[in-house]
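These notes are about the structure you will find just below.
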Amino acid sequence: MIIDWHTLNREPSLSGLYVHAATRRKITGTTLPHSGLRCWLDVDPQRLAAYRKVCGFADNGLLPPTYPHILAFALQMQLLTSRDFPFPLLGLIHLSNRIRVLRPMGGVHRVRASVCVENLQPHAKGATFDLVTTLDDQLGPLWEAQSQMLCRGVKLEGEPVEEELASTLPLTQVAQWNVPTDIGRRYAKVSGDYNPIHLSALSAKMFGFPTAIAHGLWNKARTLAALAEYLPAANIEIAVQFKKPVRLPSEVTLLASAAGSSGDLQLIGAGDLEHMIGHWRPIA
């Protein structure tokens, strides 16, 4: 698909975008827009430090592998609330996330973020699409990611195709941590993502959840922080699928296995409830 790129002069304001998200509740079509958004952004050291603290990353001079999602979040919001995007933002379900760190992200101060959507596919519960985000610096491509999103209730022709990640290596416990009741609000402050299902039990119940749940990208970030000693700084792909949500508060256990430059991971809760599975591999 050829993308018609639009370059913005400044980062979009989130306050207005949340108004658009709150007032759009209907599916308006079954075709993804062929347009994408780009913008040069500065890395704010204070915001980065706050993100590291909330997610458990040490300050090693590198951007955490999940941090570009934070840099690009306002662009993602603008794209997903635009008039030509057919699905309501509220209610989208994040099924999986795949990150590729192409070069070491040290000394990064100014980057160009790009976002677009592609790969609309039928799903047993509706339709999925990929939210694609890339990061470039003055030297070229630095980082890229695909987030697979589900919109319930969309009718598409064709047979659903669902890819499942599977652990192929023996796993052992490497970490355990408590997920506090307020982690959704703390993550919202550093990410800008104020989705009601993460903020409180009261706001989550409005969307059918008995309690607030942890943000999937916080689960991934906290996991990668715990696996820092296993992960190379670049030439790495880290893919996860989100399973059962982490209800707040909870205690979770991280299982992992490393074999050279590759490894598998699994995040589980009480009763071996599977919250997230994934792996890391060298980029082919």
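The values are calculated or read from the model by the stated rules, or taken from the named source; none is laboratory data. Note that the structure is predicted; figures quoted are calculated from it, not measured. Note that each Cβ is placed from the backbone with ideal geometry, even for glycine, and that neighbours are counted across all protein chains shown. Just the protein is used for accessible areas: all its heavy atoms, side chains included, with ligands, DNA and RNA removed. Shrake-Rupley method; radii C 1.70, N 1.55, O 1.52, S 1.80 Å.
Determine which member of the set ALA204, ALA214, ALA239, ALA226 is of a type in the set (A, V, I, L, M, F, W, C), touching a strand residue (DSSP E or B) at 6+ places or on another chain (Cβ under 7 Å) and farther than 19 Å from GLU274 by Cα.
Answer to the selection: ALA204.
Check SER96 against each of (1) closer than 17 Å to LEU142 by Cα; (2) part of a strand (DSSP E or B) and name the one condition it does not meet.
Answer for SER96: the failing condition is (1).
Within region 202-216, does at least one residue satisfy the condition of being closer than 30 Å to ASN235 by Cα, open to solvent by less than 40 Å² (accessible area, probe 1.4 Å), not hydrophobic (A, V, I, L, M, F, W, C) and not in a loop (DSSP other than H, G, I, E, B)? Outline the logic, then answer.
Applying the first criterion (closer than 30 Å to ASN235 by Cα) to region 202-216 yields 214-216.
Right, trim to open to solvent by less than 40 Å² (accessible area, probe 1.4 Å) and you get 214-216.
Next, only the ones that are not hydrophobic (A, V, I, L, M, F, W, C) stay: 215-216.
When the remaining residues are screened for being not in a loop (DSSP other than H, G, I, E, B), the result is 216.
Within region 202-216 (the criterion being closer than 30 Å to ASN235 by Cα, open to solvent by less than 40 Å² (accessible area, probe 1.4 Å), not hydrophobic (A, V, I, L, M, F, W, C) and not in a loop (DSSP other than H, G, I, E, B)), the answer is yes, since at least one residue qualifies.
What tally of residues in region 41-51 results from selecting those that are surrounded by 15 or more Cβ atoms within 10 Å (Cβ to Cβ) and of a type outside the set (Val, Ile, Thr)?
Matching residues across region 41-51 total 5.
Is region 153-174 home to any residue that is within 30 Å of THR30 (Cα to Cα), open to solvent by 30 Å² or more (accessible area, probe 1.4 Å) and assigned to a strand (DSSP E or B)?
Checked region 153-174: no residue is within 30 Å of THR30 (Cα to Cα), open to solvent by 30 Å² or more (accessible area, probe 1.4 Å) and assigned to a strand (DSSP E or B).
Confirm whether PHE57 is hydrophobic (A, V, I, L, M, F, W, C), part of a helix (DSSP H, G or I), surrounded by 13 or more Cβ atoms within 10 Å (Cβ to Cβ) and modelled with pLDDT of 95 or more.
Spelling it out, it is not the case that PHE57 is hydrophobic (A, V, I, L, M, F, W, C), part of a helix (DSSP H, G or I), surrounded by 13 or more Cβ atoms within 10 Å (Cβ to Cβ) and modelled with pLDDT of 95 or more.
Which one of these is of a type in the set (Lys, Arg) and surrounded by fewer than 17 Cβ atoms within 10 Å (Cβ to Cβ): ARG247, ARG281?
The conditions single out ARG281.
Which residue out of ALA127, ALA113, ALA74 is aliphatic (A, V, I, L, M), outside any loop (DSSP other than H, G, I, E, B), within 18 Å of PHE242 (Cβ to Cβ) and open to solvent by less than 10 Å² (accessible area, probe 1.4 Å)?
Going through ALA127, ALA113, ALA74 in turn, just one is aliphatic (A, V, I, L, M), outside any loop (DSSP other than H, G, I, E, B), within 18 Å of PHE242 (Cβ to Cβ) and open to solvent by less than 10 Å² (accessible area, probe 1.4 Å): ALA127.
Is it the case that some residue within region 96-109 is modelled with pLDDT under 95, surrounded by fewer than 19 Cβ atoms within 10 Å (Cβ to Cβ), in contact with a strand residue (DSSP E or B) (Cβ under 8 Å, 6 or more places away or on another chain) and of a type in the set (D, E, K, R)?
Scanning region 96-109, I find no residue that is modelled with pLDDT under 95, surrounded by fewer than 19 Cβ atoms within 10 Å (Cβ to Cβ), in contact with a strand residue (DSSP E or B) (Cβ under 8 Å, 6 or more places away or on another chain) and of a type in the set (D, E, K, R), so the answer is no.
Residues of region 246-266 being more than 13 Å from ALA214 (Cα to Cα) and of a type in the set (A, V, I, L, M, F, W, C), which ones?
Listed by number, the residues that qualify are LEU254, LEU255, ALA256, ALA258, ALA259, LEU265.
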